[in-house]
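Heads up: the structure comes next, in structure tokens.
Rule-based calculations on the coordinates, nothing more; no lab input. No experiment lies behind these values; they were computed from the predicted model shown. Here the Cβ is made from the backbone with ideal geometry for all residues, glycine too, and neighbour counts use every protein chain on show.
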Number of protein chains: 2
Amino acid sequence: MSKQLVVLDTADQAACCTPITEASLDAGQAVDLARMFKALGDPIRLRLLSRITSAPDGEICVCDITGDAFDVSGPTISHHLKVLREAGLIAGERRGTWVYYRPVEANLRQLAALLDAPALVSA
Amino acid sequence: MSKQLVVLDTADQAACCTPITEASLDAGQAVDLARMFKALGDPIRLRLLSRITSAPDGEICVCDITGDAFDVSGPTISHHLKVLREAGLIAGERRGTWVYYRPVEANLRQLAALLDAPALVSA
DNA sequence: GGCCTGTGTTGATGGTTGTCAAATCAATGT
DNA sequence: ACATTGATTTGACAACCATCAACACAGGCC
């Protein structure tokens, strides 16, 4: 478990493998963040989110996206919306006959900040 | 403001469903972007990327992450690194005995920009 | 050449996921 | 109460994925 190749006397190979002390993400955070990224890891869900976030009123009716340019059935759309919802990226609300979805901007920004963090883009 | 229930008589259901004209992402872009997001959709890969991007020299030796805090076997680490590499998020290079990985910042920033785009975070 | 160590690949396996048809729930109107 | 339309759930199935053990490859050292 001690890794690398030991090498006692000469410091040569020791040039590799300076310990990193487990920087940044711990396992717990990684699980939550990965759940959100995984929800984005499907073309249809990405397009759904795009439609939701680019809606003029900040929300969109499900009836605007079912049976439209997405070549999947209604239940499949509903399934993908559920994945996005349970990941915390969108929130849905029923008003009368129709259901409206809007983005959860705080979580979306959290992901953006992670990919844009100094630790990720610094030299 | 625009849609929702209204409901006149003949045009009844047409009150909902104002077409959106397929805003923002097209199907082609969505596939490429989803591939990158999917690569981030695993806790281990997320922690791997975190280690890589937070390395002091901008790159990290694989020997620094195998057999370490990740409770998975060596081949599994190698598999996840391959997924990240083929998604275009990291790049690897062999120098002598060891292999070094560094982040592909352009693509990481592209994802961050997408989640931070006006269409996504605007009021 | 052989031996060792660091990485990556292959094959197999159990679990997860995307998809649809059919059934179900919710709200409205007849 | 009944029928209708919007949206979700359930059940089933094929495809994919994460994981490991075993093996193969690469480079340094004897």
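Measuring label to label, 7 Å along Cα→Cβ, what does B:Asp32 give against each other copy in nm, shortest first?
Ordered by increasing distance: 3.3 nm.
Just checking the output field for A:28-35: average partner chain Cβ neighbours within 10 Å of each residue's Cβ?
Counting Cβ atoms of other protein chains within 10 Å of each residue's Cβ and averaging gives 5.
Ranked highest first by average number of other Cβ atoms within 10 Å, how do B:46-57, B:97-108 line up?
Per-residue Cβ counts within 10 Å, averaged per peptide and sorted highest first, yield B:46-57, B:97-108.
So for the pair B:Gln29, A:Val104, with labels modelled 7 Å out along Cα→Cβ, what separation do we get in nm?
For B:Gln29 paired with A:Val104, the spin-label model returns 2.5 nm.
Using a Förster distance of 35 angstrom, determine the FRET efficiency expected from the C-beta separation of B:Glu86 and A:Ala91, and round it to 0.05.
0.55
Take peptide B:56-62, look around each residue's Cβ out to 10 angstrom, count Cβ atoms belonging to other protein chains, and average those counts.
3
What does the average come to when, for each residue of peptide B:70-83, you count the partner chain Cβ atoms lying within 10 Å of its Cβ?
0
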